[in-house]
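Notes follow the structure.
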Amino acid sequence: MSLSALLLLIFAAALLAVGCGTGASGATTTAGAGTSTLNTVNGHIVRQGPVTQDAVKQIISHELGDKGEMGEALVRNVVLTPEAGGTFVQIDINRTDCPMIGMHMVCTANQLPGVAATMTRSVMSVLFEYSDVSRVQINLYSDLATMIDMNSTGSMNEKLLVKTMFTRDAAAKIDWASYSQDNAAKLASGYWVDPAVPPANPVTSGGSAAGGTGAPAAAPSAPPATPPAGAGAGPSTGASGGSMPGMPGM
């Protein structure tokens, strides 16, 4: 065998080894209670296998980024709970970055229903592509201050302010592209906004994380019942007065 033929054979073997190591699809396998494989095809995540905490966090990072309004980690907690029909996914999340006004990044509490709608649309439309996901609930934490200037040195007092929950059946019936704060209370299986959140600013434009437009999100006449110690977010009252299932005790 000539030297050139030998070198060609070695090169081919090296290419084959690289292909076997990474996989032809470019899949990334995450560890967890079960295995999820996320492939990116034309910028879109394709889900295979059972949902895991790592997979949920990767989807949030892909759709919303990694940082909250004050530069802290965006995701506070992800809990997966087996239930009849599949897996209940609860996500505790901080507010995303606030809009720039002049040279300052400014957060206002009346933007929160719009922020929650953007998070719900972006994350749930992807999560329900996992066949084992039966319900998803997003709990949004932020500050109730009327205005928070991100360039100031003020401190944050974050609390749970918006809850949105969808069952698989409800999610299958809506067009996520048209989901917004204006129809959240009507379309969601469970929806709650803290009564202390002020009405949306009618002059704010768009339906993005800046807050959106339209009528303020409906809120219950009373805040949700305080869950017992260790019960997670607990049950919450929907905008229509019904019960919004919360996270089972952790």
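Where a number appears in this text, it was derived from the coordinates with a stated rule and is not lab data. Quick caveat, the model's predicted, so the values are computed rather than measured. Every residue, glycine among them, receives a Cβ derived from its backbone with ideal geometry; neighbour counts consider all protein chains shown.
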Give me the distance in nm between label points sitting 7 Å out from Cα along the Cα-to-Cβ direction at R76 and L144, one decimal. 1.4 nm
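With 10 angstrom as the radius, rank Y130, Y191 by how many other C-beta atoms surround their C-beta, starting from the fewest. Please report the intermediate quantities before stating the final value.
Details: Y130 23, Y191 28.
By the 10 Å Cβ count, ascending: Y130, Y191.
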Virtual paramagnetic centre 7 Å along Cα→Cβ of A196, amide N under 20 Å, in the stretch 109-142: 109-116, 139-142
Label-point separation in nm, N183 to D169, each point 7 Å along Cα→Cβ: 2.0 nm
Distance in nm between pseudo-label sites at K159 and A84 (7 Å out along the Cβ direction from Cα): 3.5 nm
